[in-house]
2 protein chains.
Amino acid sequence: MATSWVPSVTPTTEFSLANLPFGIITTPSDPSPHAAVAIGASVLDLKVLSSHPAFPALFPPLAAHPDVFAQPTLNAFAALGRPVHRQVRAALRDLLSTDTAHPAVLRDAPAAERDRVLLPQSQVHMHLPMQIGDYTDFYAGYHHAYRVGCLFRGPEAALQPNYTHLPVGYHGRASSVVVSGTGIRRPTGQMLLDGEPTTGPSRRLDFELELGCFVARGNRMGEKVGVEEAEECIFGYVLLNDWSARDVQAWEYVPLGPFCAKNFGTTVGAWVVLADALEGFRTRGVQVEGRGEVQGYLREGREEAVFDVRLEVDLTTPEGDTTTISRTNAKHLLWSFPQMIAHHTLGGCPMRTGDLLGSGTISGPGGPEERGSLLEMTEGGKKEVLLYGMDARKFLKDGDTITLRGWCGQDGARVGFGECRGRIYSA
Amino acid sequence: MATSWVPSVTPTTEFSLANLPFGIITTPSDPSPHAAVAIGASVLDLKVLSSHPAFPALFPPLAAHPDVFAQPTLNAFAALGRPVHRQVRAALRDLLSTDTAHPAVLRDAPAAERDRVLLPQSQVHMHLPMQIGDYTDFYAGYHHAYRVGCLFRGPEAALQPNYTHLPVGYHGRASSVVVSGTGIRRPTGQMLLDGEPTTGPSRRLDFELELGCFVARGNRMGEKVGVEEAEECIFGYVLLNDWSARDVQAWEYVPLGPFCAKNFGTTVGAWVVLADALEGFRTRGVQVEGRGEVQGYLREGREEAVFDVRLEVDLTTPEGDTTTISRTNAKHLLWSFPQMIAHHTLGGCPMRTGDLLGSGTISGPGGPEERGSLLEMTEGGKKEVLLYGMDARKFLKDGDTITLRGWCGQDGARVGFGECRGRIYSA
Ligand SMILES: [Ca+2]
Ligand SMILES: [Ca+2]
Ligand SMILES: [Mg+2]
Ligand SMILES: [Mg+2]
Ligand code: NI
């Protein structure tokens, strides 16, 4: 396994050479948002690197796109397609490897020059990585859908008849997707209280642990993307927190689905893990006993269609005490992203570069400690989640911070997503 | 009432001096999309007008924005806000009036010069007028919601308990909003057939007659727009056809709402009627007996919160025969656009310039001939809509064209929306 000469690359870093996630930064010397990759506790400034005389030769597919890393989002890069992403990752991996074939560019460059390209993560500011045209949230977390269905409709009607036949989803709100670290205001909303409609700050504010997927290249209106081609449409993945106001949702959601309960904010991680970085971590999704074959347009050639990503949720109280309240895995999905894309485009709906798809809340099959939302952990607010120091929650308090984390792989080659974090401030 | 010197302005034109709707055109001499207003059977090319030496003096609020009409969408102009739109409309109305204070600019300009600015509508090509960040479809057509509720859930549960308390809506798909005249491919989708899931072209393809509203200026995330301020957020209105695949919708819509049944295409008119042009046509919306007061954030100071716009739907068969299948009025709404905006932003959801809101399907209280969808006209496909020449429809056939029309006002001062038209081509 390749090692890196970058001093901040430790054996346990989730930003190993095997990862190289892309993000959008501003730096002390450049206030225009532009592209970077994370490596160890550092970032490689791709805009600065683009100005190196060797850049066109090292990155042949970018020779015709010299400004692609100077853009304020990753959209232009994503639109170049997966074969280009693959070549660019390989070239970056070489430059950052101990045995790089081009030591003069970075490894053996004068320290002053290297320090312009390689900055401590603590010195950069992260921005929303993509310009998101449309955001769609699916509901592919099987154990979540079942458990929430029980709460809203009872175990008999928990999963609707369509659930195992198509990837259920709804259109979300693109304008309120924000990058990790952005504060989330507790939403005011309309809800039922003692059977009467009333308006006020949500009393049942929750998070949802999800995996997000960004589109690299889409399809033209009227055309569909086959499930076997869909993989080529994917740019990469982020952690996603679909903040949810459960009291607002319960009152508004019939018959047209969630609206104000969701559109006040969705947080995504700052680092996009490219699709190729997850290829080595494929596994099988949820298997449902007695489930017949799915419709032809949803049938995938491979069984290992989801990813074995370990996920954790931390709750930090206003006092600053942190408890890991959930540990689960991104494999607990009934539908893969290629299936979601095939279904989304079946009728000709166009996907565009930068579109965001959410997996739906990811929960394990077991107890509260492996569930992806407080709604499930507390069984609809009936039980409490215990926190450090005898504190407890049913739903989120003002000043609480939720931090999602996710990673796969072994020490020395870990692939992680960085934090997806948001703090609640008062209505 | 002011008259126009423009020869193509007839007494019955819906593009009278009282209207002056904005759109995006390309012309024989300029293939870059740019702004225009419609007047009679002509268009005034605003990009060409912007280059007139008198432009900065005639349009003082645009002096600092000399390129605002050279943009490929109206977003930059919309973002300047309603006071600017008002001044610009007034200045345009003057230039186009018989008794203009500035005859040299257009009226008495040399014919060759005038012909560069004033073109026949037949010579220009229309484009999507706005860049749409997010599209939300509401459900404020009371008679539609009631009638469809009866079909899906029976008369007892036709209107959900929340319906009269909040403007029910869902997030739609922005990427598939297209301008009038764009072909719409019949969607393939998953549906139940004889109780079994199956995949194929929709057999129950329908239209929905709606009014669309474009946002001029929005709000910051975490802030809300009060119902009394919301009027200032509105740029203007278009007709909107929310194409709907009823068989797909019936199978997919629980529990998260419509998705593939809607996201294959939404057609909007090419001409945006600015909010000020409709001010004179205010009227009261639907009054529901025994309805209590709405929540405070939805309470409007004025009763006349919707618009008295006559609406018509034409169905043209593949053979070219046209039947007007519906005549109704935009006043049949339970909720106004300011109420929709106040509700949408109550929890802090940010609206952005160019965002599109749909009213929901507009139907009258009476018979099939005043309903805004085939679903309602045919009572869920049980009856037929009779067309010219003994033809009939339950749902749309390949090659059918749906044309929506809408106008208000008297001859000489009509304010109309132009056609919102789409033709179905085969799956
Ligand atoms: Ca969700
Ligand atoms: Ca609709
Ligand atoms: Mg959300
Ligand atoms: Mg639609
Ligand atoms: Ni290229």
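The aspartates and glutamates whose alpha-carbon is closer than 19 Å to the alpha-carbon of A:Lys382, local same-chain residues fewer than 8 away aside, are A:Asp194, A:Asp206, A:Glu208, A:Asp247, A:Glu369, A:Glu370, A:Asp391. In the calculated pair distance distribution of the protein assembly as shown, what percentage of Cα-Cα distances lie above 52 Å? Of all Cα-Cα distances in the protein assembly as shown, 17 percent exceed 52 Å. This ranking places A:Trp407, A:Trp271 by how few other beta-carbon atoms lie within 10 Å of each, fewest first, which gives A:Trp407, A:Trp271. Plainly put, the tip 7 Å out from Cα toward Cβ on A:His65 is 3.2 nm from that tip on each other copy, the closest given first. Taking every C-alpha pair closer than 8 Å and separated by at least 6 residues, the mean separation divided by the residue count of region A:138-235 gives a relative contact order of 15 percent.
Looking at chain B as a GNM with Cα springs under 10 Å, which of B:His65, B:His85, B:His344 has the largest mean-square fluctuation? In this elastic network of chain B, the residue with the biggest mean-square fluctuation among B:His65, B:His85, B:His344 is B:His65. Can you pull the one-decimal nm distance between simple spin-label points at B:Asp30 and B:Thr324, each 7 Å off the Cα toward Cβ? For the pair B:Asp30/B:Thr324, the computed spacing is 3.6 nm. Taking amide H positions as modeled 1.01 Å from N, with prolines and chain starts lacking one, the residues under 5 Å from A:Met130 and 5 or more places away or on another chain are A:Leu74.
Nearest chain A C-beta to the A/B rotation axis, reported as residue and distance in angstrom, is A:Gly257, 1. With an 8 Å Cα cut-off and a minimum separation of 6 or more residues, compute the relative contact order for chain A in percent. For chain A, the relative contact order is 22 percent. Position B:Ala427: other-copy label points at 4.6 nm, ordered by increasing distance, label point 7 Å along Cα→C-beta.
Look at where the Cα atoms of region B:172-193 and of region A:193-241 average out, and the two centres are 20 Å apart. Summary of the geometry: region B:130-170 and region B:302-366, compared by the centres of their Cα atoms, lie 12 Å apart. Taken one residue at a time, the phi angles of region A:209-215 give Karplus couplings (6.51, -1.76, 1.60, θ = phi - 60°) of 7, 9, 9, x, 9, 9, 7 Hz. Gly and Pro are set to x.
Panel order for B:Phe59, A:Phe281, by other beta carbons found within 10 Å of each beta carbon, from fewest to most: A:Phe281, B:Phe59.
Starting from 0 in steps of 5 Å, tell me what percent of the Cα-Cα pairs of region A:1-135 lands in each bin. Percent of pairs per bin, in order: 2, 10, 21, 25, 22, 14, 4, 1, 0. One chain, two ends: A:Glu196 and A:Gln123. Fully extended at 0.36 nm per residue, the span grows by 21.2 nm beyond their Cα-Cα distance. I want the local charge near A:Thr322. Using Cβ-Cβ distances under 15 Å, sum +1 for each Lys or Arg and -1 for each Asp or Glu among the other residues. Here the count lands on -1.
Could you sort out which of A:Lys262/A:Lys394; A:Lys331/A:Lys383; B:Lys47/B:Lys262; A:Lys397/B:Lys224; A:Lys262/A:Lys397 sit more than 24 Å apart by Cα distance in this structure? Intermediate results must be reported in sequence, preceding the final value.
Details: A:Lys262/A:Lys394 19 Å; A:Lys331/A:Lys383 27 Å; B:Lys47/B:Lys262 35 Å; A:Lys397/B:Lys224 21 Å; A:Lys262/A:Lys397 17 Å.
The pairs that break the limit, which is 24 Å between Cα atoms, are A:Lys331/A:Lys383; B:Lys47/B:Lys262.
Relative to the Cα centre, the charge distribution of the protein assembly as shown, modelled as +1 at Lys and Arg Cβ and -1 at Asp and Glu Cβ, gives a dipole magnitude of about 140 debye.
FYI, it's all coordinate maths here, none of it is from the lab. What you see is a predicted model, and the numbers here were worked out from it, not measured in a lab. Cβ coordinates were reconstructed from backbone atoms using ideal geometry, including for glycine residues, and neighbour counts include every protein chain displayed.
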